Amino acid sequence: MARTYEEAVAEIKERLDIVEVVSKYVVLKKTGSSYVGLCPFHQDKHPSMHVNPQKGIYKCFSCGAGGDALSFIINIEGKDFKEVIEELAEQFGIELPKKFAGTANLKPLKDQMIAACAKAVKFYTKYLLTSNDAVKARTYLKSRDITDEVIKEYGLGCAPNKYSELYNELKNEFSTEVLEKAGLILKGKKNDWIDRFRNRVIIPIRNENGDFVAFGARAIEEGQNPKYLNSSDSLIYNKSKILYGLYHAKNAIAEHDGVVIMEGYFDVISAQTHGVKNCVASCGTALTPEHIKLISRYTKSRRIYLSFDTDTAGQNATKKGADIIREAFRGLGNIKQYDEGHLGKTDDRYSCEIRVVCPPNGKDPDEFIRTIGGDEFLNCVNNAPLLIDFILENILKKRSSACSPQEKAEIVTETIEVLKDIDNKIIQSEYVKMVASALDVNESAILQELKRRSHYSETVRAAAPQNFVTKNLQFSIKAQKNLLSVYLSDTSPLSFSELKEMIPPDIITDKTLIIVKNTIDKITCTINNVRELKEQLFTSFISDDVLTTTITDLVYMSEAFNGLTEEEFRTAVKENVTRLKRLNREVEMEELRKIYMTVNGDEIEALKVQMQLRDEIKSRIGENN
């Protein structure tokens, strides 16, 4: 038995063959010492995925996906790290340490829980379709245009208005432990077992693979509370990681390269049965970063449409959802801020594209689809405005009641909070024109206020690494990656401690790469070979796609340092450090120049920045002499 959990993970990773693992999902063709195939993480038309058995990694040179065998399994199967480790430990006959032994044998229990949920679905559906006591449930579903065919397809059902009908049906086949852990029964006041769901319409929830793992239950009676009762999290269900409808929608999401996120179960059912197949919803909870990462595996462009109710709660859900999406894709770049169709083609790559579906006349999605039709809703999806346009439009709706200068100033302030995040100054100026025209205010006044607030934001963030999209910054990040990759060179003649001495501690400035550097420093305190360093880095970042991809890039970049003598290796490291110092200095100067341009109208601030620039130039001249 492995002495520690980390050693068990290392042993499991030793047993995994990257080619064998990927081949289960991708047809691979050998080319030289590597293999190529169609990437399963986006709609690949030409083989973009490369699998390198020597390095034990895969890398798609189209969508950027990459990692080791373990991260591939986690991403392709949509499971978490702990779950995959438990399954692989069982598969390879590796006993996990006693501390984790209680979780290592959970698969039989999970299988029983899933089987119990499937039996419950059949029971609820049969009761809905055949029982005289389910008339109210059938009437409710009929009012939502849900037919018997839809009931069967989605496994909809009805829970009897009795205490133990389901329990009595299943108790001879499943233990009370299984039924309780699956969330189907609970202890009653008399310490007896009773059904968890009673007198409710049942909406079964499937995981990504199609297994029934939980339930949503809607009230039937007027005044019955709560309106929705949902399964609690369990061994087979985590509401923060499962999206309702994804099992039915995943192929359509990949086909359309986009996903529509809706508010509730019946919104999704209505949409999918009316031809809008690429719809999902959260299960009685707010959107989470895990939800967004889950669906992003199916849409290469990460194109996300938010389609919530049109009331105040729906508007708030749209805003919160957009914030979660931004956070989930932090580090991948900026969200899309304008339509190229209006301004010509562009090669810019975006972290994501967020649009808001706005059916006319203020109708909610489900109501609109059932009364107007799925085709018209698809029309709304295809013409959905970008998030920025939706937000500005809602702010500008207030203009009809804004008469006084103070009221207009308040609206301008709201719009500036949106406009200041637009990186493209031409696009920004066009939006300023639109706002000025809509509010009948002076355009230059808005621009001046925008510059003032943008400068203030930059000053507040001065201590943090800036996110200017410039050639120098791009070169700097590439140089930082190149420098970090020396740690992963298979033939490095230098020890980790020698490399650490040669690389200045503050030379890495990119947020993601700082995390990588700090992790390398921590790991290399306890190990002394490159193979273990790679393995531990992949394990450390297994749940973060951005960091996993970064490590994969570093592994490939490290090949440039293989085969060098010690003298050549030291020279290469020194040259990279010198080049990176110069690039970082140029980025700093460019940043100061940009700030100077924004404060040109403020003599005192301009003088301060001018003095900083002068000092920077003097310092740079001193370095070159």
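The values are calculated or read from the model by the stated rules, or taken from the named source; none is laboratory data. Just so it is clear, the model here is predicted, and its values are computed rather than measured. Ideal geometry is used to build each Cβ from the backbone, glycine not excepted, and the neighbour counts take in all protein chains shown. The area values use the complete protein model at the heavy-atom level, side chains included, leaving out ligands, DNA and RNA. Shrake-Rupley method; radii C 1.70, N 1.55, O 1.52, S 1.80 Å.
Each Lys or Arg adds one and each Asp or Glu takes one away; over the other residues whose Cβ falls under 10 Å from the Cβ of ASP366, this sums to -3. Would you please classify the overall shape of the chain from the alpha carbon gyration tensor, given that a ≥ b ≥ c denote the square roots of the eigenvalues, rounded means a/c under 1.5, and beyond that prolate means a/b larger than b/c while oblate covers the rest? It is oblate, given that a/c is not under 1.5 and a/b is not larger than b/c.
Carbon-plus-sulfur accessible fraction, the chain (probe radius 1.4 Å, protein heavy atoms only): 49%.
D by Stokes-Einstein for the range 176-245, Kirkwood Rh over Cα pairs, 25 °C, 0.890 mPa s: 188 µm²/s. Only beta bridges with both residues in the range 203-301 are counted; by DSSP, about 75 percent of them are antiparallel. Summing charges over all other residues whose Cβ lies under 13 Å from the Cβ of ARG399, with Lys and Arg as +1 and Asp and Glu as -1, gives -2. Among 493-503, 274-284, 25-35, 174-184, sorting by the average number of other beta carbon atoms lying within 10 angstrom of each residue, highest first, gives 274-284, 174-184, 493-503, 25-35. The simple Förster model, with R0 at 25 Å and r as the Cβ-Cβ distance, assigns TYR5 and GLU532 a FRET efficiency of 0.95. Across the chain, the relative contact order, built from alpha-carbon pairs under 8 Å that are at least six residues apart, equals 9 percent.
Within the same chain, lysines fewer than 8 places from LYS398 are excluded, and of the rest, those with a Cα less than 25 Å from its Cα are LYS319, LYS320, LYS363, LYS408, LYS420, LYS433, LYS451. Label sites at CYS63 and ARG453, each approximated as a point 7 angstrom past Cα along Cα to Cβ, lie 3.7 nm apart. For the pair GLU407 and THR565, a Förster radius of 51 Å applied to the C-beta separation gives a FRET efficiency near 0.10, rounded to the nearest 0.05. Note on LYS24 and ASP423: the model spin-label points, each 7 Å out from Cα along the C-beta direction, lie 3.8 nm apart. Once C-alpha pairs closer than 8 Å and six or more residues apart are averaged by separation and normalised to the residue number of the range 1-127, the relative contact order reads 24 percent. Take the Cα of GLU498, step 7 Å toward its Cβ, do the same at ASN191, and the gap between the two points is 7.2 nm.
Peptide packing: for 191-199, 121-129, the average count of neighbouring Cβ atoms within 10 Å per residue gives the ranking 121-129, 191-199, highest mean first.
Multiplying the residue separation of ASN316 and ILE514 by 0.36 nm and removing their Cα-Cα distance gives an extension gain of 67.8 nm. In this structure, the amide hydrogen of GLY264, modeled 1.01 Å from its nitrogen in the peptide plane, lies closer than 5 angstrom to no residue at least 5 positions away or on a different chain. Here LYS142 is the anchor, and the lysines within straight C-alpha reach of less than 17 Å, apart from those fewer than 8 places off in the same chain, are LYS126, LYS152. Residue by residue, the range 152-165 carries 3J(HN,Hα) couplings of 5, 5, 9, x, 5, x, 9, 8, x, 8, 9, 7, 9, 4 Hz when phi is fed to the Karplus relation 6.51 cos²θ - 1.76 cosθ + 1.60 (θ = phi - 60°); x denotes Gly or Pro.
Taking all protein chains into account, the per residue accessible area for the chain stands at 51 Å² (1.4 Å probe). Straight-line cross-link partners of LYS29 among the lysines, defined as a Cα under 18 Å from its Cα and at least 8 positions apart when in the same chain: LYS45, LYS55, LYS59.
Sorting the segments 569-578, 200-209 by their mean number of nearby beta carbons within 10 angstrom, highest to lowest, gives 200-209, 569-578. In this calculation the C-beta distance from THR371 to GLU255 is compared with R0 = 22 Å, giving a FRET efficiency of 0.25.
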